[in-house]
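The values are calculated or read from the model by the stated rules, or taken from the named source; none is laboratory data. Since we're looking at a predicted model, the values are computed, not measured. Here the Cβ is made from the backbone with ideal geometry for all residues, glycine too, and neighbour counts use every protein chain on show. Surface areas here come from the heavy atoms of the whole protein model, side chains and all, with no ligands, DNA or RNA. Shrake-Rupley method; radii C 1.70, N 1.55, O 1.52, S 1.80 Å.
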Amino acid sequence: MRKSAWLLAIALLAGACSHNPYLDASLTRYQGKDRAWIEKELGAPDAKTSRFFGGEKWTYNRIAGGKAGPPLFNFKANECQLILFFSKDEMVSDSSYSGC
């Protein structure tokens, strides 16, 4: 009985830390694309920062659904942040997300 409780706790913790497989799959389509294509596809980024070994990091903030509270209270939106990492040759080398 005690062993099954521990296994359940570990499974719940692993599930809470998992990623969105649909978003993971959709972000792979940006791999190897250049800056001009990304800007045409997604628009201008909300933030650009330089990377230490060259390249840039572009950040996009999007609304991804949300929850409605009781009447007369505001809608609480879920903010999703997409991050694209560009290499020195201006191609997407990696991507990540948070809050989605």
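Below, the figures for the structure above:
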| item | result |
| --- | --- |
| Complete set of residues in region 62-89 that are open to solvent by less than 90 Å² (accessible area, probe 1.4 Å), outside any strand (DSSP E or B) and either out of contact with any Lys or Arg (no Cβ under 9 Å at 6 or more places or on another chain) or not hydroxyl-bearing (Ser, Thr, Tyr) (or both) | Gly69, Pro70 |
| Region 19-42: number of residues that are within 16 Å of the chain's Cα centre (by Cα) and open to solvent by 70 Å² or more (accessible area, probe 1.4 Å) | 6 |
| Subset of region 43-61 [open to solvent by less than 90 Å² (accessible area, probe 1.4 Å), in a strand (DSSP E or B) and of a type outside the set (Gly, Ala, Ser)] | Thr49, Glu56, Lys57, Trp58, Thr59, Tyr60, Asn61 |
